[in-house]
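The values are calculated or read from the model by the stated rules, or taken from the named source; none is laboratory data. For clarity, every value in this text was computed on a predicted model and none was experimentally measured. Glycine also receives a Cβ, built like all others from the backbone with ideal geometry; neighbour counts cover every protein chain displayed.
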Amino acid sequence: MNNKALRQENDDEYTPEAAALIMRLRVFVTMRWITVAGIIIAALVASMVVKISFPTLPVYSTATVIALYNLVLLWQLRRLGAKKPELIIEIARRFGNIHLFLDLIALTVLLHFTGGIENPFIFYFVLHITAASISLHYRMVYMLATSALLMVALLVGLEYAGAIPHINLVGFAESTLYQEGSYILVILVALATLLYATAYMVTAISGELRKRQRQVMQLREQLLEEKTGELERASEEITKLEEERNRFLQFLGIAAHDLKAPLTAIQGFLWVMLGGYAGELTDKQKNMLERSSLRIKELMNLISDLLDIPRIETGQIVQEMKQASLRQIIKHSCDDVRNQAKEKGIRLKTELPDALPKVYGSASRLQQVITNLLDNAIHYTPEGDVAIRVKEEKKRILIEVMDTGIGVSPDDLPHVFDDFFRSNNVDTKGTGLGLSISKRIVEAHGGRIWVESPCPETNHGSKFAFTLPKKEPN
């Protein structure tokens, strides 16, 4: 029997909660192997290609230690099958907690030997807290976040006070950056805000999802045991779960909204520094702060997309619907992307019928869909044309966005409207939610959206099209 079959047989003996926890620990094992490889490759590239000077031996040694205790965790996971079923979850969590704290110590050691506070990868502690939030109890996650912050603060403080030597990334950052109090304060405040905000959001969502998982499993067992005459009661339970799902979507919207305030505050701090109000910055310092500001902007875009999903799925978009001018909607969308197209030398064309009827819908949401399709077309078109065309049919209006760009690969075509989908073979931007949100908006209007690549008319590029019903719904 091969390892995969043996693993599947063991998983079948676990409870659903235990199997899910063990699966997450296996994912962590895989992520550590990737991390070890990434550390070694990054150290080689930084020292040999980019010519940044720092001690590489401690970095390689730390990667080796991570690999060793990862092997220990892998061995421990394989021995779990011999434990009593009621003890498996407790033991697995204990293993996970120990190894996550070891990860934290290893990250801190790596940070010390790779520049300390001047290393922009200091914010990678957020990824560690995200991974921990998926499997740990929320109290343990906040303890881990606090430990991470204290370790970084202790490391930075000891280097600042001269108690331990500071290792400068020669050729990358100024040698005195670790002694600039205002810079240290801003970075620590930003790190603390991101750590606790991430812990709050991910533990809340993962905890709710685990709760839903248990409820679904209980419902499944109940349905298997019940007779045909009890199906009506099961249907009522499903309706309740759907209502809870809608409440969860509302909760997701509230959580995402609450995250905007700390991120906006962090962005404000960075803008103050970039504006020179906290003192003069070197070009390298300014570059690091600009990159941090860009990452925060990407997080805020993700939060905006997460806010859109519950608003659409809970039916709020229906309240925004009224008679709207499609011609004006298209004009505003073209105005939004015109400068972007001009900068790339792309011709933006429109083909609209002379008499274009009004549509019943949310003007802002339809503009969001069209702008997103135009923006994607321009982004993936190195040169050439992007055109938007509207056709009036008997019972519907057809809107098409065509480009002469790189097109969509056949493997990606079935997935372009999936949540968080991002193609692997091109330079992909954004959160991976734009097209999935566009699909939700179009379907909320009673329409349909699809993609064809290559574009049938030109045999290259791609064509995104969607329909809207002509008549106002009853």
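Condition first: of a type in the set (S, T, Y), surrounded by 13 or more Cβ atoms within 10 Å (Cβ to Cβ) and assigned to a helix (DSSP H, G or I). Now tell me which residues in the range 29-60 satisfy that.
Answer for the range 29-60, where residues must be of a type in the set (S, T, Y), surrounded by 13 or more Cβ atoms within 10 Å (Cβ to Cβ) and assigned to a helix (DSSP H, G or I): T35, S47, T56, Y60.
Okay, residues lined up against (1) closer than 29 Å to L127 by Cα; (2) at pLDDT 75 or above:
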site	(1), (2)
I187	yes, yes
A190	yes, yes
Q213	yes, no
Q218	no, no
E226	no, no
A234	no, no
E242	no, no
F248	yes, no
Spans of strands (runs of 3 or more DSSP E) in the range 328-417 with at least 2 residues more than 19 Å from I449 (Cβ to Cβ) = 347-351
key: Any chance T314 is within 30 Å of G447 (Cα to Cα) and either at pLDDT below 70 or more than 17 Å from the chain's Cα centre (by Cα) (or both)   = yes
ask   = Looking at G157, G116, G162, which one is in contact (Cβ under 8 Å) with a residue 24 or more places away in the chain and not β-branched (V, I, T)?
value = G116
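Can you find a residue in the range 142-155 that is surrounded by 14 or more Cβ atoms within 10 Å (Cβ to Cβ), part of a helix (DSSP H, G or I), in contact with a Gly (Cβ under 7 Å, 6 or more places away or on another chain) and modelled with pLDDT of 80 or more? Spell out how you get there, then give the answer.
Quick first cut of the range 142-155, residues surrounded by 14 or more Cβ atoms within 10 Å (Cβ to Cβ) only: 142-149, 151-153, 155.
This time we only want the ones that are part of a helix (DSSP H, G or I), so: 142-149, 151-153, 155.
If we keep only those that are in contact with a Gly (Cβ under 7 Å, 6 or more places away or on another chain) too, we end up with 155.
Next cut, modelled with pLDDT of 80 or more only: 155.
Yes: one or more hits.
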request  = Looking only at the range 409-426, count how many residues are farther than 30 Å from V359 by Cα and either more than 16 Å from the chain's Cα centre (by Cα) or hydroxyl-bearing (S, T, Y) (or both).
outcome  = 7
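State yes or no: is R139 surrounded by fewer than 16 Cβ atoms within 10 Å (Cβ to Cβ) and in a helix (DSSP H, G or I)?
Values: surrounded by fewer than 16 Cβ atoms within 10 Å (Cβ to Cβ): yes; in a helix (DSSP H, G or I): yes.
Yes: the conditions hold for R139.
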